[in-house]
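Input: a single structure, listed below in structure tokens.
The values are calculated or read from the model by the stated rules, or taken from the named source; none is laboratory data. Computed from a prediction, not measured in an experiment: that's the story for all the values here. Heads up, the Cβs are rebuilt from the backbone with ideal geometry, glycines too, and the neighbour counts pull from every protein chain shown. The area values use the complete protein model at the heavy-atom level, side chains included, leaving out ligands, DNA and RNA. Shrake-Rupley method; radii C 1.70, N 1.55, O 1.52, S 1.80 Å.
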Amino acid sequence: MRFRAYLFDVQGTLLDFFEPVTGAVSNYLDNQQITTVDPGDFTRSWREDYFRRLRSISQSVDDWRRVQELYAAGFADVCVRYGLDRPTAADTQLAAASWQRLQPWPDVRAGLARLRSQAIIATLSNTDMSTMIALFKRLAIDMDAVFTAEMVGAFKPHPRTYLRALQYLGVAPHEAAMVAAHPYDVEAAGALGMGTVFLHRPFEYGDPGLAHDMSPAQVDQYVGSVADIQ
């Protein structure tokens, strides 16, 4: 085993958000009798709206705006962007709750169990702590630790988020690797001296054709499943 510890991104990397979220979007559109909007396109726009919001807000430990609130605000704005009426508060909360019902990719359970028998494994997600705890408890996926940006008061790719997680684990950057399906995440970790594992998820956004330009320039490991991580 090359590393003492592995930190995992969650949304898109370990868990599939596209299918459950698109299902919720489809239900909403059906209930509103809207046939002019593709649910998958809506989900992709909603996810991009989320990233824009992450980049635009200031966070701190004492004044933290929950990610679920960002998704709820984004849902309403994306509806308007598609020319739809602004949804009710109840419909918004129902749709946004789909981001708390993510499902593991098929390789995750066995791959994590193998890796955990040989090293420390932990999450490092921008998602809220309460959401992470609820997700992993419901899915019965064991982790040695659950870390989120909320604990630090800064979203990835802020260096403090990675370094504080390593501090909690008691490992140096060169003893740990960041595992993610997103180039910005592994690139930020690599700049701190951490190992980098890019976990390719071609169906993260539903269409493998959208993933062709999503690879980082250079990583220590490029893998197609958790089982392939060394």
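Here are the numbers for the structure shown:
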quantity	calculated
Single condition CYS79 does not satisfy, out of (1) more than 22 Å from SER56 (Cα to Cα); (2) touching a helix residue (DSSP H, G or I) at 6+ places or on another chain (Cβ under 9 Å); (3) without any contact (Cβ under 8 Å) to a residue 12 or more places away in the chain	(1)
Single unsatisfied condition, PRO157 versus (1) more than 13 Å from the chain's Cα centre (by Cα); (2) open to solvent by 10 Å² or more (accessible area, probe 1.4 Å); (3) without any contact (Cβ under 8 Å) to a residue 60 or more places away in the chain	(1)
Criterion: part of a helix (DSSP H, G or I) and within 21 Å of ASP9 (Cβ to Cβ) - qualifying residue of LEU94, LEU70	LEU70
Residue satisfying all of: in segment 182-230; out of contact with any helix residue (DSSP H, G or I) (no Cβ under 9 Å at 6 or more places or on another chain) and among the small types (Gly, Ala, Ser); nearest to PRO104 (Cα to Cα) among these	GLY224
Within segment 97-132, considering residues that are among the β-branched types (Val, Ile, Thr) and not in a helix (DSSP H, G or I), the one nearest to THR13 (Cα to Cα)	THR123
Qualifying residue in segment 73-90 (condition: among the aromatic types (Phe, Trp, Tyr) and part of a helix (DSSP H, G or I))	yes
Of all residues in segment 103-125 being closer than 18 Å to ALA177 by Cβ and free of Cβ contacts under 8 Å to residues at least 40 places away in the same chain, the one that is surrounded by the most Cβ atoms within 10 Å (Cβ to Cβ)	ARG116
Filter result (open to solvent by 30 Å² or more (accessible area, probe 1.4 Å) and not β-branched (Val, Ile, Thr)) within segment 88-102	ALA89, ALA90, ASP91, GLN93, LEU94, GLN100, ARG101
Search result, residues across segment 1-54 that are open to solvent by 30 Å² or more (accessible area, probe 1.4 Å), modelled with pLDDT under 95 and among the aliphatic types (A, V, I, L, M)	MET1
Qualifying residue in segment 134-142 (condition: more than 15 Å from LEU14 (Cα to Cα) and open to solvent by less than 20 Å² (accessible area, probe 1.4 Å))	no
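For (1) out of contact with any helix residue (DSSP H, G or I) (no Cβ under 6 Å at 6 or more places or on another chain); (2) modelled with pLDDT of 95 or more; (3) aliphatic (A, V, I, L, M); (4) over 16 Å from PHE3 (Cα atoms), each residue gets a yes or a no:
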site	(1), (2), (3), (4)
THR127	no, no, no, yes
VAL152	no, no, yes, yes
LEU169	yes, yes, yes, no
ALA172	yes, yes, yes, no
MET178	no, yes, yes, no
